[in-house]
Amino acid sequence: MNFVTSRYLAFSEPFDDQKGKLKRILFSTRTSATVLIDDSAIQKILDNNYTDFDDELLDLLFSMEIIIPENENEFEEIMIQNNSLLDVNSHLDLTIQPTANCQLGCHYCAQEHSKNNMNNDVYARTLERVTSKLESKKFKNLSVTWYGGEPLNALSQLKKISTEIIELFKINNVEYDGSIITNGLSLKPNIFKDLYLNHNVLHYQITLDGTAEHHDKRRITKKGEHTFNIIFKNIIDIINLDCYQEKVKEPILIRTNIDKTNLNSIKDLVDLFAENDAQGKIQFSFAPIVDWGDKKYGTIDGFTKRDFADIEIDLLLYAHQKGFLIDTSLVPKREFMPCMVVAKDSEVFDAFGNVYPCYEFTYTPAYNEDKHKIGNLLDKNFIPNDLATTRNWYNDIRKEDFANCNKCELLPVCGGGCVKNWYNDETGCPSFKFNISDRLLIDYLNKNQALTI
């Protein structure tokens, strides 16, 4: 049998190993494994020339699927693996949006907010749908993300549904954990303690778009009121709780939405958290503002993904220098699903009974058409639309329209990235598409020696 080099490879730039040799980090995206290798060996691998390699190195390259059988169709092999795991997936992801309301009027948000919380009929149908999924006995794990609008605007509904779900997972012997994406305005320490200790809401994402000077020009209430100081105080009060320091395993994630107007304040935000001794208690996620629905804000003051990739690396290094942990997903893992949007049973429930595959579709006028919906729970003859936008991704990805995705060497570790974007004639590529070389090097230095700037 003849063998060739896989096309699913990435590598760092060469660097001096301080022993007089140039090295590179070689990354197999098929197995998400990395190896430190002589720079001189990289070109030989790319040329399918393995004659000078000893048996130990060859065995390693085979085990990492860097060297593969010549007649193997790699793309089809990846897709077979991905599709097969869709059929046996034992993890159920659900997003529940108990309200369409939000206090904030962020100019880049595409949602259309209204003062509607989930009523009793929608609540009952949502619970019925969740119950039927758990009673199918297909799932060993259940994750629920609480989202909105602003989910804490419907705290009583959230807690009511959560209590029922917790009983369901106990009855059906399913492991359960919850997440919440919140603006943080109402997340007081007592509410955090209740959600964390009594409702299994274990993961928190809160958005701060820089320091007060910039955040309060963007993330203000619909009445024009500033929000930074309230949100920041809530976070600091929470991370200083005894229960937070004793029980929390995953730090609160601070998300910053970045464009050209607030970029210069992001390092100041990192500094502010450092001054408040938040190292080890929070982590950062840096994200570019992009076009969303019919809001084309990202194309005005935003960055291209390629430009933002350099910005992201700079900010990650700066946060690390200040004592904050770099996200453990610095080097991407093998992804059999890009996210919940392709999973057959994962669903998003909004306050009106609509069911979607993606939580960015809800309350967004650009996605009001039925083709984007799985259905509505209040319909007497509710029949799920299995071909709602994104659901057929693993078949559609083969089309020429998505050639930039299906021919990419990083496909095994992103699965297509943001699938929704591909259907909007936009790139769905994650930032690591453009900074994987830097990520590999930073990850190596982070694991093997003190990382200095």
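The values are calculated or read from the model by the stated rules, or taken from the named source; none is laboratory data. Values in this document were obtained by computation on a predicted structure and should not be read as measured data. Every residue, glycine as well, gets a Cβ built from its backbone with ideal geometry; the counts of neighbours run over all protein chains shown. Heads up: the accessible areas ignore ligands, DNA and RNA and are worked out on the full protein's heavy atoms, side chains in. Shrake-Rupley method; radii C 1.70, N 1.55, O 1.52, S 1.80 Å.
Laid out as a table, the results:
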quantity	calculated
Residue count, the range 352-405 (criterion: basic (Lys, Arg) and within 23 Å of the chain's Cα centre (by Cα))	2
Subset of the range 240-254 that is loosely packed, with under 15 Cβ neighbours inside 10 Å and either among the small types (Gly, Ala, Ser) or not in a helix (DSSP H, G or I) (or both) - its residue that is modelled with the lowest pLDDT	LYS249
Number of positions in the range 8-23 that are modelled with pLDDT of 90 or more and out of contact with any strand residue (DSSP E or B) (no Cβ under 9 Å at 6 or more places or on another chain)	0
Residue that is farthest from ILE289 (Cα to Cα) [pool: residues in the range 302-328 that are open to solvent by 50 Å² or more (accessible area, probe 1.4 Å) and in a helix (DSSP H, G or I)]	GLN321
Matching residues in the range 373-395 - criterion: being out of contact with any Asp or Glu (no Cβ under 7 Å at 6 or more places or on another chain), open to solvent by less than 20 Å² (accessible area, probe 1.4 Å) and either of a type in the set (A, V, I, L, M) or part of a helix (DSSP H, G or I) (or both)	LEU377, ALA388, TRP393, TYR394
The listed residue being at pLDDT 95 or above, over 16 Å from GLY184 (Cα atoms) and in a helix (DSSP H, G or I), out of ASP277, ASP237, ASP271	ASP271
Single residue of LYS371, LYS322 found to be charged (D, E, K, R), free of Cβ contacts under 8 Å to residues at least 40 places away in the same chain and farther than 25 Å from LYS137 by Cα	LYS371
Answer residue from the range 114-150, given it is assigned to a helix (DSSP H, G or I) and open to solvent by less than 20 Å² (accessible area, probe 1.4 Å) and is farthest from GLY375 (Cα to Cα) among those	LEU134
Looking only at the range 340-349, and only at residues there that are open to solvent by 10 Å² or more (accessible area, probe 1.4 Å) and touching an Asp or Glu at 6+ places or on another chain (Cβ under 8 Å), the one that is farthest from SER32 (Cα to Cα)	LYS344
Looking only at the range 171-190, and only at residues there that are assigned to a strand (DSSP E or B) and in contact with a Gly (Cβ under 9 Å, 6 or more places away or on another chain), the one that is surrounded by the most Cβ atoms within 10 Å (Cβ to Cβ)	THR182
The range 193-211: number of residues that are more than 19 Å from LEU104 (Cβ to Cβ), touching a residue at least 40 places away in the same chain (Cβ under 8 Å) and open to solvent by less than 10 Å² (accessible area, probe 1.4 Å)	1
Among residues of the range 65-87, those that are touching a residue at least 24 places away in the same chain (Cβ under 8 Å), over 23 Å from the mean Cα position of the chain (by Cα) and not in a loop (DSSP other than H, G, I, E, B), counted	5
Test for LEU168: is it of a type outside the set (Phe, Trp, Tyr), surrounded by 21 or more Cβ atoms within 10 Å (Cβ to Cβ) and over 16 Å from GLY105 (Cβ atoms)	no
Residue that is most open to solvent (accessible area, probe 1.4 Å), among those in the range 88-113 that are in a loop (DSSP other than H, G, I, E, B) and out of contact with any strand residue (DSSP E or B) (no Cβ under 9 Å at 6 or more places or on another chain)	GLU112
Total residues in the range 421-435, condition part of a helix (DSSP H, G or I) and open to solvent by 20 Å² or more (accessible area, probe 1.4 Å)	5
Flag if ILE235 is open to solvent by less than 50 Å² (accessible area, probe 1.4 Å), closer than 23 Å to ASN101 by Cβ, among the hydrophobic types (A, V, I, L, M, F, W, C) and in contact (Cβ under 8 Å) with a residue 40 or more places away in the chain	yes
Among the residues listed as VAL348, VAL331, VAL341, the single one being outside any loop (DSSP other than H, G, I, E, B), of a type in the set (Val, Ile, Thr) and touching a helix residue (DSSP H, G or I) at 6+ places or on another chain (Cβ under 7 Å)	VAL341
Condition broken by THR362, with the remaining ones in (1) open to solvent by less than 30 Å² (accessible area, probe 1.4 Å); (2) out of contact with any strand residue (DSSP E or B) (no Cβ under 8 Å at 6 or more places or on another chain) satisfied	(2)
